[in-house]
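Remarks on the structure that follows.
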Amino acid sequence: MKTLFSKLPIYIPKVQDSTIAEIPDLHLSAILIDSQHIAWRPKSAKDVKKISDLLIVDPVTHCILYKDASEGKNFQKLPYPKNVDPETLYSNAAFRNEKIVAPCIEDQINNGADLIISPYFFAEDTDDTKFGTNITMISESIKYLTDHSISKPLFAMIAIGSTALDRPIVTGYIADRYTVDLNDYLAGYFIVVNDLDCKQQDGSKLFGLAKLVFQLSKNKSVFVKRIGAFGEVLSAIGGSGFISGLEIGETFSVKVLEKKPVNYGQQTNRIYIPELFDYVNDVEAQKIGYKCNCKACKGSLASDRKTKKLHYLYTRLDTMEKLQNLDRDGRINLLISRLNAAFRMASTYNSKHGLSLKTAHLINWKSILEASKTWSSEEEGDNLEAFLNDLKSS
């Protein structure tokens, strides 16, 4: 299948406005912006499209079912119904097509999106009514695109709870539901997972996500949204790339939709260190003498918010460019080598400077990469048990 992207894997910045378009000589493969942020700043979509090959507009239909999120003044400007009765949404196809599917697609087109994301809701698990509704809305989106002669490629957004990821039978079921009947109609997938802590001690959920990405990646583009450094691991295994903002706090959480916390999105005094796959407090970064040679830092330590964001962007783009030049085995080996180096570096900093940098996640990620070497697109089984046994012996 012909891909939309000239090179993969890629990092896709998730932006809220057009500030990124002001960076000199920057051109991106793709950029993502939520539809409610376009409603907030109407010119933002046109501005950021000028610096990217592809503009992706997230329709954020999942907000419809959360009172606090749906009553936001910017979301209220979107063409979705207010005060929706969930049962009507699930059972009334005519209502769903007129009030959700059609407005969702047309809004993306009107905002200049180069691909279409089918409307979606967050489903904690596969037995959630919304999981089946999401599959149905993909079929309804396919029909709408066909009936209106819209040729833009269609992507599905898989919005799922992290609790579904540590059961191989469930991740396999998710992959089957999104591929068996829909494979010929979808250009690819976006995945967003609720409350997924990529530095967690339990690696089974991360293993499940990695396996899901791999299973979906056969001849299709697969991007994981709202994820940090583990996105690099997924990109090596088979993912087409990952999406995040330029600051910390990128974990997707339904709790924020239910009630936005105080000081949400507030700046913190930390900087991302790609050599560690992690953020470090500014004081600790100074203590270890960290310097960066990216286009923003130029051999120094980023100290202000703007430079830190640019530092994050440039180092992410640099990492993905390195992965683009390698085959799958080369990507996996490169990430394993970098994780080994990160573990040694963190251990040295901890002993030499009295820091408490965490390293358990580095071992988890490396084990997942090692396990993925044996995966094939045709395999029937799953080696989660072997992975967990190997992890315990590490």
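Where a number appears in this text, it was derived from the coordinates with a stated rule and is not lab data. Computed from a prediction, not measured in an experiment: that's the story for all the values here. Counting neighbours? That spans all protein chains shown, and the Cβs are built from the backbone with ideal geometry, glycine included.
Working from Cα pairs under 8 Å separated by at least six residues, relative contact order for the chain is 14 percent. With neighbours defined as other Cβ atoms within 10 Å of a residue's Cβ, the residues 118, 372, 139 order from fewest to most as 139, 372, 118. With unit charges on the beta carbon (Lys/Arg positive, Asp/Glu negative), name the residue among 279, 75, 292 whose Cα is farthest towards the positive pole of the charge dipole of the chain. Toward the positive end, the furthest listed residue is 292. About its Cα centre, the dipole of the stretch 273-392 is roughly 1000 debye, where the only charges are +1 on Lys and Arg Cβ and -1 on Asp and Glu Cβ.
Report the local net charge at residue 319: Lys and Arg +1, Asp and Glu -1, summed over other residues whose C-beta lies under 15 Å from its C-beta. That sum, taken over residues with Cβ under 15 Å, equals +1.
Of the residues 229, 126, 194, the one whose Cα sits farthest towards the positive end of the charge dipole of the stretch 10-258 is 229 (charges of +1 on Lys and Arg Cβ, -1 on Asp and Glu Cβ, taken about the Cα centre). Summing +1 for each Lys or Arg and -1 for each Asp or Glu among the other residues whose beta-carbon sits under 14 angstrom from that of residue 289 gives 0.
Summing charges over neighbours of residue 247, with a neighbour being any other residue whose Cβ is under 10 Å away from its Cβ, gives +3 when K and R count +1 and D and E count -1. Could you point to the label whose value was computed as percent of Cα pairs over 32 Å apart for the structure here, given (1) 33; (2) 50; (3) 72? The listed entry that was calculated here is (1). Its DSSP H runs of at least 4 residues, each contributing -39,500 (n - 2.57), put the calculated 222 nm mean residue ellipticity of the chain at -12500 deg cm²/dmol, to the nearest 500.
Note on 167, 316: ascending count of other Cβ atoms within 10 Å places them as 167, 316, the fewest first. Look at 331, 41 and count the other Cβ atoms within 10 Å of each Cβ; fewest to most, that gives 41, 331.
Roughly how big is the stretch 10-258's charge dipole about its Cα centre, with Cβ charges of +1 (Lys, Arg) and -1 (Asp, Glu), in debye to the nearest 20?
Once rounded to the nearest 20, the dipole reads 320 debye.
Cys residues of the chain that find no other Cys beta carbon under 4.7 Å: 63, 104, 198, 294. What separates the Cα centres of the stretch 185-210 and the stretch 61-140 is a distance of 22 Å.
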